[in-house]
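Here the structure is laid out as structure tokens; the discussion comes afterwards.
The values are calculated or read from the model by the stated rules, or taken from the named source; none is laboratory data. Computed from a predicted structure; not experimentally measured. A quick note on method: Cβ atoms are made from the backbone with ideal geometry, for glycine too, and the neighbour counts reach across all protein chains shown.
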Amino acid sequence: MKIIAVTQRVDIHHKGAERRDAVDQQLLNLLNCAGYLPLTLPNNTQLAWQLLSKNPVVGFVLSGGNDLVQYGGDAPERDALETELIHHALANNTPLLGICRGMQLLLDFWGQRLQPVKGQVTQHQHIIWHGENHLVNSYHHWGSSSAPNPFQVTATAAVDDNKRAIVKAIKHREQPIYGIMWHPERISPFRDEDITFLQSVFL
């Protein structure tokens, strides 16, 4: 079974004395349903690369959770690891999918400034994805109404009274790097369209 490396959020406990890595079990289950074996990475670059050296992966998933540090987040170790993974993916043409915060990091990595957005926390949101209407969820407070080169915007959602559209999905024009702002792992039961999408990313 092909292995996909999955990053984790940082949960802080005991007034900062304990920092735990965590990931939604359903994300791992979704990847497994799509035919992959998920490998969770610690938010320690040295340990993560040791794991990756022993377990060849076919791609990376940058999972949700934690704001980026420059937008008020408190997990610099996670920003550092995921930034290294983006560099690695670019250098090796390795498939990479950013989910929610993961897509925000992709936008930020390529110089796109994020903005506070309203009305983006809901279990049901209509988006236009590849020209067709889709129903997804949304759980984010930062977003963008555009994407930098080299990305193509593949999905948008209306904001407020349709005066502005917020980017909901992106695709690198030359490499297999994708971002989505919704959480397919939080949709139960898992949808065939989401499984098919994952399989198209991690060929």
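Quick notes on this one:
- In region 123-137 there is at least one residue matching the filter, namely being under 16 Å from the mean Cα position of the chain (by Cα), outside any loop (DSSP other than H, G, I, E, B) and within 18 Å of Ile187 (Cα to Cα).
- Failed item in (1) assigned to a loop (DSSP other than H, G, I, E, B); (2) farther than 22 Å from Ser138 by Cβ, with Asn66 passing the rest: (2)
- Candidate set from region 168-177 (those that are surrounded by fewer than 24 Cβ atoms within 10 Å (Cβ to Cβ) and touching a residue at least 60 places away in the same chain (Cβ under 8 Å)); member that is nearest to Ile127 (Cα to Cα): Pro176
- Taking the criterion of being in contact with an Asp or Glu (Cβ under 9 Å, 6 or more places away or on another chain) and among the aliphatic types (A, V, I, L, M), the residues of region 64-87 that qualify are Leu68, Val69, Ala75.
- Going through (1) among the charged types (D, E, K, R); (2) under 18 Å from Gly111 (Cβ atoms); (3) in a loop (DSSP other than H, G, I, E, B) one by one, Asp74 falls short only on (2).
- Number of positions in region 144-180 that are under 22 Å from Ala89 (Cα atoms), in contact with a Phe, Trp or Tyr (Cβ under 9 Å, 6 or more places away or on another chain) and aliphatic (A, V, I, L, M): 5
- Residue in region 69-77 that is within 27 Å of Gly143 (Cβ to Cβ) and under 15 Å from the mean Cα position of the chain (by Cα) present: no
- Here is the figure for region 1-28: residues that are out of contact with any helix residue (DSSP H, G or I) (no Cβ under 9 Å at 6 or more places or on another chain), charged (D, E, K, R) and either buried (at least 18 other Cβ atoms within 10 Å of the Cβ) or not in a strand (DSSP E or B) (or both) total 1.
- Just so you know, in region 178-203 the residues that are aliphatic (A, V, I, L, M) and in a helix (DSSP H, G or I) include one that is surrounded by the most Cβ atoms within 10 Å (Cβ to Cβ), and it is Leu198.
- From the options Leu31, Leu39, Leu81, residue that is touching a strand residue (DSSP E or B) at 6+ places or on another chain (Cβ under 9 Å), in contact (Cβ under 8 Å) with a residue 24 or more places away in the chain, assigned to a helix (DSSP H, G or I) and surrounded by 15 or more Cβ atoms within 10 Å (Cβ to Cβ): Leu31
- Just one of the listed residues (Val153, Val136, Val159, Val117) is among the β-branched types (Val, Ile, Thr) and either in contact with a His (Cβ under 6 Å, 6 or more places away or on another chain) or modelled with pLDDT of 90 or more (or both), and it is Val153.
- Region 84-122, residues that are of a type in the set (Gly, Ala, Ser), surrounded by fewer than 20 Cβ atoms within 10 Å (Cβ to Cβ) and not in a helix (DSSP H, G or I): Gly111, Gly119
- Subset of region 50-63 that is of a type outside the set (Phe, Trp, Tyr) and assigned to a strand (DSSP E or B) - its residue that is surrounded by the most Cβ atoms within 10 Å (Cβ to Cβ): Val61
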